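The next block holds one structure in the form of structure tokens; read it before the comments.
The values are calculated or read from the model by the stated rules, or taken from the named source; none is laboratory data. These numbers come from a predicted model, not from an experiment. Neighbour counts are summed over all protein chains in view; Cβ atoms, including those assigned to glycine, are modelled from backbone coordinates with ideal geometry. We work out accessible area using only protein heavy atoms, side chains counted, and drop any ligands, DNA or RNA first. Shrake-Rupley method; radii C 1.70, N 1.55, O 1.52, S 1.80 Å.
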Amino acid sequence: MDISIVIPLYNEEESLPELYAWIQRVMNANRFTYEVIFVNDGSTDHSWQVIEELGRASEHVKGIKFRRNYGKSPALYCGFEKAQGDVVITMDADLQDSPDEIPELYRMITQDGYDLVSGWKQKRYDPLSKTIPTKLFNATARAVSGIHNLHDFNCGLKAYRREVVKNIEVYGEMHRYIPYLAKNAGFNRIAEKVVHHQARKYGKTKFGLNRFVNGYLDLITLWFLSTFGVKPMHIFGFLGSIMFVLGLVAVVVVGANKLYDMYHGNPYRLITESPYFYLALTTMILGTQLFLAGFIGELIARNSPERNKYQIEKEI
């Protein structure tokens, strides 16, 4: 099979028939063998009934229905598991992504040799309250991930080599960082394509401004896990050791100052009357706790079933 199209959706009953008809025209015009996987993420409207009707009318339609709303990342994860095409394409169900982009995305994967091609909605039909935070978010994501050639990490229109989606785990709200997940899995051939962005035709957006806050938190989590996930002692042990040494030096300095004053007959106070003593003691305690956190993290990592899971590209 040439293409699997994975479409996560939530309350998009009006757009689904038009979207599938559009996809069908593009697929038939290019003679692709394909499947369309609709993942109904706990919709409260008639989206599932529409998917069932499309499935009865076409052998190319497959559907997954969640019992409740889990989010876009779980929907993509289940869609990726079910996908069988050589190239997997994701798009949103709100008709803002154009199926006319599919042939070129497919060509870039199969002929240009890319592992992942991400869409870039260079000209957007969104309000400034959405576009400005998006630019800041993408700038931060580029800096942290090291993928400097992507302008729109969160674009729903993407194309993947099948091996990519079968070797990454999309969970929580990590769908924003699939290129970063792919890079961490060893798929470094990542490209970008300018795609057409259309104004929403039906309904209203399902995403609020809180996604930008959550997006930054997820980015920090992903960076930390990819950097120190299998070697927690490198961060906690290092910071703990520095704090302990600084606290120890501070205690020695406080004690030395008292001994100096005693030796020269200067007035002096008890060490326990000095606020610096308690600051130094607190620093030593925090340093010890950080070191122990790193040690416990190492014990957990050593017993993790993922500790020796590596991406092997070829064997002979």
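Structure above, values below:
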{"read-out": "Surface share of carbon and sulfur [accessible, 1.4 angstrom probe, percent] for the chain", "value": "58"}
{"read-out": "Area of E192 that stays accessible when all protein chains are in place (1.4 Å probe, Å², to 10)", "value": "40"}
{"read-out": "Whole-Hz couplings from phi, Karplus 6.51/-1.76/1.60, listed for segment 159-174; x for Gly and Pro", "value": "10, 9, 5, 4, 4, 5, 5, 7, 10, 10, 10, 9, 9, x, 10, 7"}
{"read-out": "Dipole moment magnitude, nearest 20 debye, segment 15-136 about Cα centre, only Lys, Arg, Asp, Glu C-beta charged", "value": "300"}
{"read-out": "Label-point separation in nm, Y171 to Q111, each point 7 Å along Cα→Cβ", "value": "3.9"}
{"read-out": "Percentage relative contact order, segment 222-292, counting C-alpha pairs under 8 Å, at least six apart", "value": "49"}
{"read-out": "Coil-residue chymotrypsin sites (Phe, Trp or Tyr not before Pro) of segment 137-206, DSSP, other Cβ within 10 Å capped at 16", "value": "Y171, Y202"}
{"read-out": "Amide H contacts of V61 (H built 1.01 Å from N, under 5 Å, at least 5 apart or other chain)", "value": "V36"}
{"read-out": "Whole-Å distance, taken between Cα centres, linking segment 78-127 and segment 1-75", "value": "15"}
{"read-out": "Max mean-square fluctuation residue, GNM over the chain, Cα-Cα springs under 10 Å, options V144, V252, V165", "value": "V252"}
{"read-out": "HN-Hα J in Hz across segment 283-295 - Karplus 6.51, -1.76, 1.60, θ = phi - 60°, x for Gly and Pro", "value": "4, 5, 5, 5, x, 5, 5, 5, 4, 5, 4, x, 5"}
{"read-out": "³J(HN,Hα) computed for each position of segment 240-257 - Karplus, 6.51 cos²θ - 1.76 cosθ + 1.60, integer Hz, glycine/proline x", "value": "x, 5, 4, 5, 5, 5, 4, x, 5, 4, 5, 4, 4, 5, 4, x, 5, 4"}
{"read-out": "Candidate aspartates and glutamates - alpha carbon under 13 Å from K258, same-chain residues fewer than 8 apart omitted", "value": "E273"}
{"read-out": "Helix axis angle, 210-228 relative to the chain longest principal axis, alpha carbon, degrees", "value": "70"}
{"read-out": "Rg/Rg_ref, the chain, where Rg_ref = 2.2 N^0.38 Å and atoms are Cα", "value": "1.36"}
{"read-out": "Magnitude of the charge dipole, the chain, Cβ model with Lys/Arg +1 and Asp/Glu -1, debye to 20", "value": "540"}
{"read-out": "Folded to 0 to 90 degrees: helix 128-145 orientation relative to the chain principal axis, Cα", "value": "60"}
{"read-out": "Heavy-atom accessible area ranking, 1.4 Å probe, most first, across S73, S43", "value": "S43, S73"}
{"read-out": "Three-way shape label, segment 1-147, alpha-carbon gyration tensor, a/c 1.5", "value": "oblate"}
